[in-house]
Amino acid sequence: MSEVNSVEKMELKVKDIIQKYGSDRGFVVPILQDVQKEFNYLPKEALNAVSSHLDVAISRIFEVATFYKAFSLTPRGRHQLSLCVGTACYVRGAPLIESNIERVLDLRPGKTSPDLEFSFDTVNCLGSCALGPILVVDGEYQGQMTVSKTNKVLKKLGKKVKTDEN
Amino acid sequence: MKIKSFKELKSLREKISNSRDPEKNCITICAGTGCLAYGAQSLVNKFKAEIEKDNLEEEIDIRSTGCHGFCEQGPVVVIYPEKVFYRRVGLDDAAEVIHKTVLNGEILDRLLYTDPSSGEKIIHEDDVPFYKKQMRLVFGMNGQIDPKSLEDYLAIGGYSALAKVLNGMEPGAVIEEVKKANLRGRGGGGFSAGWKWESTRKAKGDPKYVICNADEGDPGAYMDRSLLEGNPHSILEGMMIGAYAIGSNEGYIYVRNEYPLAVKNVTIAIEKGRELGVLGEDILDSGFSFDIKVNRGGGAFVCGESSALFASLEGRTGEPRAKYIHATDRGLNNKPTNLNNVETWANVPLIINKGAEWYQSIGTENSKGTKIFSLVGKINNTGLVEIPMGMTLREIIEDIGGGTPKGGKFKAVQTGGPSGGCIPEQFLDMPIDFDALTKVGSMMGSGGMIVMDDRTCMVDVARYFLKFLEGESCGKCVPCREGVRRMREILDDICEGRGREGDVEILESISHALIDGSLCALGATAPNPVLSTIKYFREEYSAHIQEKKCPAGVCKELIRYKIDEENCNGCGVCARLCPAECISGEKKQPHVIDQEKCIKCGSCRESCKFDAVIVE
């Protein structure tokens, strides 16, 4: 598949998404969300396509894409870990889990590993406080997390960590 | 099928009610986000499969409902008509529940809830202490309906308030009723909803907008999510009534993208409402038209602030503006806009149906009705609780919440999210309402109630909120952008052992600059967590600054992990797990931690079954 071809395909996809929202400029945020879901991040070409099809200046699109926490302008990892650090999870020990994941993955929250295997984020509250601390692993909620449970998760995803299983 | 008149709506409701036998067995399974995370969806499927397998469809109904509130005990199952309450129900229990309990009336002991204070097993939902003291006017319907079913909503009287309003109530009379009920905004500010509606109605401009604020950003609060997920039609109905009173035909629901199930359920509800004809053009032949669009946020806390929310809805970055002109005059697209929170809207149909006088009879002098709180943190019964205004904190925390988990001692309760404060034990007997909470330096906020015990460091909590706000400050105004950061830096210093004499005074002085100088409430209320912890827990600040100690054992730089020789039996689990390999000792002999190498990850303390790892 040639480069030109893939850009064209991307543009068609973006066009579809925009049409779903009736080309309403008020829906820039949800549109970008859908675009990100499609491509796993916001590629420059896709942002250009959003700009031209919605007739909104690229600077404005870029402003929105960099303001909101949900958007990423760089590709995200194959595995995505989001740790809830809402108040309830925080007082139940999320900070220890955060530094543990940071240490094992060698990743600061918000970053993606250079080999594109892992992205690690913290989120402010998932509203499932009864399960806290919560780690979302590739979209699946894992509740009542502890440092050792986190290590088991990371081991399953191919990281070398000590767990009480060995 | 589209209904075109009040009569048709009424006869449809009667038809649905008549077709339902209240005595028929019905298994309701909570499928809110909390229970889903415990595997409720596969449980629903399992029950369905079992019923199908034994051809019991005639005898047993099954319903997956919204959040019941008692998230701690999920997955939660309630069996009607007796309202038998089962918790932590697993896939293997399904067949037995059907054959023994539903068909034979036999109670399965192992699935019952045990009251931790009396040790007594409880059979019926209404007798569970967690529910007993609640007054679940707004939230109680969640457990009775499938949020995806408009029929279910109609069966419990849904859209009757809308019909009442459209069929003979003047818009002015609707506003009067809401004003008389003294409904105050549940999103945090506590502003009178009726006054807001009236101002928007009187404002010049066309179109006028009605918006539901579901950008529930306060960490630790999730009642709006559960309402949208569990009973979306009640919010739509509230918005429709508001729109009619205000004279608006266009509505928006602005919801956090972190709440996918809420987005899904409310979108389905809107579609079904349009199909039935309670939403759209010329609703029930009344001449009133109204439609709602759902817009999702982008993960910015500040977008819960009205003017930032409008900016986001206009497709821009969510930056607030100064509010010398009210949103009721110029809000979204510079048109008159009425913004209310999810829970506020959900109260509206109740007020219309039961009347302002009834509503007035609940609550305190200036705060009427109920409020839903999310009771979370260091508490036994985590969940959503709806109580009449005026209940004391102690009743909520001890009677409903069951107190703090074993081993911990209650220290404070934090309300109002990052804009609120920490309330110490001495105020536990205070009846809570909007004004009482403000008086002690906190606020109602959207209703998060985070319980903290003696293992929670109050200085660290203050730092946590400032770190949160630093990340969420939009950066438009200087006091908030710079002030919050400087305060966080000072708190970092204090927590990391670099605190200096005078730091607390500097924190106080910056706080006042923020309160006076910030553009929006995010900055103006940002100092609350700091000021309230300084006020009530000053000795903890002093311990950090002067003694370089963290009494709660939280701040990494100020603590050491140590193994208690008496309790350590040398099992070696901690040494095996320690990532820094800094624990050593002979088999069956007390171990020691090499303080030089320890990275304070907490693995040892967590893994020790004998509580031999202590923090000092």
Practice problem: Of all residues in the range B:464-516, count the ones that are closer than 24 Å to B:Glu319 by Cβ and either among the hydrophobic types (A, V, I, L, M, F, W, C) or touching a Cys at 6+ places or on another chain (Cβ under 7 Å) (or both). | Solution: 15
Self-check item: The lone exception for A:Met145 - which of (1) touching a strand residue (DSSP E or B) at 6+ places or on another chain (Cβ under 6 Å); (2) under 18 Å from B:Ala221 (Cα atoms); (3) among the aliphatic types (A, V, I, L, M) it fails
Solution: (2)
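For residues in the range B:287-300 being within 14 Å of another protein chain (Cβ to nearest Cβ) and not small (Gly, Ala, Ser), which is most open to solvent (accessible area, probe 1.4 Å)?
B:Lys293
Restricting to the range B:584-616, what's the tally of residues that are without any contact (Cβ under 8 Å) to a residue 60 or more places away in the chain, more than 12 Å from every other protein chain (Cβ to nearest Cβ) and either in a strand (DSSP E or B) or over 34 Å from the mean Cα position of the chain (by Cα) (or both)?
Residues flagged as without any contact (Cβ under 8 Å) to a residue 60 or more places away in the chain, more than 12 Å from every other protein chain (Cβ to nearest Cβ) and either in a strand (DSSP E or B) or over 34 Å from the mean Cα position of the chain (by Cα) (or both) within the range B:584-616 amount to 19.
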Exercise. Would you mind finding the one in B:Ser19, B:Ser5, B:Ser42, B:Ser64 that is of a type in the set (Gly, Ala, Ser) and free of Cβ contacts under 8 Å to residues at least 12 places away in the same chain?
Key: B:Ser19
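Yes or no, residue by residue, for (1) surrounded by fewer than 23 Cβ atoms within 10 Å (Cβ to Cβ); (2) more than 21 Å from B:Lys354 (Cβ to Cβ):
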residue	(1), (2)
B:Ser226	no, yes
B:Glu237	no, no
B:Ile246	no, yes
B:Leu261	yes, yes
B:Asn265	yes, yes
B:Ala269	no, yes
B:Glu281	yes, yes
Quiz prompt | Residues satisfying the stated conditions in the range B:1-23, i.e. open to solvent by less than 40 Å² (accessible area, probe 1.4 Å) and either within 14 Å of chain A (Cβ to nearest Cβ) or among the charged types (D, E, K, R) (or both) | solution = none
Quiz item: Here are B:Lys164, B:Lys148, B:Lys179: which of them is more than 20 Å from B:Lys2 (Cα to Cα) and among the basic types (Lys, Arg)?
Solution: B:Lys179
Practice problem: Name, by its number, the condition in (1) more than 12 Å from chain A (Cβ to nearest Cβ); (2) under 30 Å from B:Val478 (Cα atoms) that does not hold for B:Ala243. | Solution: (2)
Exercise. Would you point out the residue of the range B:301-327, among those that are of a type outside the set (Asp, Glu) and touching a Lys or Arg at 6+ places or on another chain (Cβ under 6 Å), that is farthest from the other protein chains (Cβ to nearest Cβ)?
Key: B:Ser307
Quiz item: Name the residues in the range B:188-206 that are within 11 Å of B:Val178 (Cβ to Cβ) and not in a strand (DSSP E or B), would you?
Solution: B:Ala193, B:Gly194, B:Trp195, B:Lys196, B:Trp197, B:Glu198
Exercise. From the list B:Gly315, B:Gly273, B:Gly304, B:Gly277, pick out the single residue that is without any contact (Cβ under 8 Å) to a residue 40 or more places away in the chain and either under 20 Å from B:Leu154 (Cα atoms) or in contact with a Gly (Cβ under 7 Å, 6 or more places away or on another chain) (or both).
Key: B:Gly315
Self-check item: Among residues of the range A:96-120, those that are facing chain B (nearest Cβ under 10 Å) and in contact with a helix residue (DSSP H, G or I) (Cβ under 6 Å, 6 or more places away or on another chain), counted
Solution: 4
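Would you confirm whether or not the range B:24-34 contains a residue that is over 24 Å from B:Lys121 (Cβ atoms), away from chain A (no Cβ under 14 Å) and in contact with a strand residue (DSSP E or B) (Cβ under 7 Å, 6 or more places away or on another chain)?
From the range B:24-34, those over 24 Å from B:Lys121 (Cβ atoms) are B:24, B:31-33; that's our starting set.
Subset that is away from chain A (no Cβ under 14 Å): B:24.
This time we only want the ones that are in contact with a strand residue (DSSP E or B) (Cβ under 7 Å, 6 or more places away or on another chain), so: B:24.
Taking every residue of the range B:24-34 in turn, at least one turns out to be over 24 Å from B:Lys121 (Cβ atoms), away from chain A (no Cβ under 14 Å) and in contact with a strand residue (DSSP E or B) (Cβ under 7 Å, 6 or more places away or on another chain).
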Quiz item: Out of (1) open to solvent by 10 Å² or more (accessible area, probe 1.4 Å); (2) at pLDDT 95 or above; (3) assigned to a helix (DSSP H, G or I), what's the single condition that is false for B:Tyr359?
Solution: (1)
Exercise. Output the residues belonging to the range B:576-608 that are open to solvent by 50 Å² or more (accessible area, probe 1.4 Å) and closer than 24 Å to B:Cys550 by Cα.
Key: B:Val592, B:Asp594, B:Gln595, B:Glu596, B:Lys597, B:Ile599, B:Arg605, B:Glu606
Exercise. Output the residue which, of all residues in the range A:9-30 that are within 14 Å of chain B (Cβ to nearest Cβ) and touching a Phe, Trp or Tyr at 6+ places or on another chain (Cβ under 8 Å), is surrounded by the fewest Cβ atoms within 10 Å (Cβ to Cβ).
Key: A:Tyr21
Quiz item: Exactly one of (1) in a loop (DSSP other than H, G, I, E, B); (2) under 27 Å from A:Asp55 (Cβ atoms); (3) not aliphatic (A, V, I, L, M) is unmet by B:Phe288. Its number?
Solution: (2)
Quiz item: Does the range B:102-125 contain at least one residue that is outside any loop (DSSP other than H, G, I, E, B) and touching a Ser or Thr at 6+ places or on another chain (Cβ under 6 Å)?
Solution: yes
Exercise. Could you list all residues from the range A:143-166 that are free of Cβ contacts under 8 Å to residues at least 24 places away in the same chain and within 8 Å of chain B (Cβ to nearest Cβ)?
Key: A:Gly143, A:Ser148, A:Lys162, A:Thr163, A:Asp164
Exercise. Identify all residues within the range B:158-186 that are closer than 24 Å to B:Ile372 by Cβ, assigned to a helix (DSSP H, G or I) and not hydrophobic (A, V, I, L, M, F, W, C); write none if there are none.
Key: B:Ser160, B:Glu177, B:Lys179, B:Lys180
Self-check item: Residues located in the range B:318-349, provided they are open to solvent by 10 Å² or more (accessible area, probe 1.4 Å), under 27 Å from the mean Cα position of the chain (by Cα) and of a type in the set (Val, Ile, Thr)
Solution: B:Thr328
Quiz item: Somewhere in the range B:84-94, is a residue among the acidic types (Asp, Glu) and either closer than 22 Å to B:Asp152 by Cα or modelled with pLDDT under 90 (or both)?
Solution: no
Exercise. Return the residue satisfying two criteria in turn: it lies in the range B:215-232 and is more than 10 Å from chain A (Cβ to nearest Cβ) and in a loop (DSSP other than H, G, I, E, B), and of such residues it is nearest to B:Pro147 (Cα to Cα).
Key: B:Asn231
Quiz prompt | Within the range B:1-94, strands (runs of 3 or more DSSP E) holding 2 or more residues that are within 21 Å of the chain's Cα centre (by Cα) | solution = B:25-30, B:60-65
Quiz prompt | Of all residues in the range A:89-100 being surrounded by fewer than 24 Cβ atoms within 10 Å (Cβ to Cβ) and among the hydrophobic types (A, V, I, L, M, F, W, C), the one that is farthest from the chain's Cα centre (by Cα) | solution = A:Leu96
Exercise. Check A:Val123 against each of (1) at the interface with chain B (Cβ under 8 Å from one of its Cβ atoms); (2) among the β-branched types (Val, Ile, Thr); (3) touching a helix residue (DSSP H, G or I) at 6+ places or on another chain (Cβ under 8 Å) and name the one condition it does not meet.
Key: (3)
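The values are calculated or read from the model by the stated rules, or taken from the named source; none is laboratory data. Note that this is a predicted model, so its numbers are computed, not measured. Note: ideal-geometry Cβ built from the backbone for every residue, glycine included; neighbour counts use all protein chains shown. Heavy atoms of the whole protein, side chains included, go into the accessibility calculation; ligands, DNA and RNA do not. Shrake-Rupley method; radii C 1.70, N 1.55, O 1.52, S 1.80 Å.
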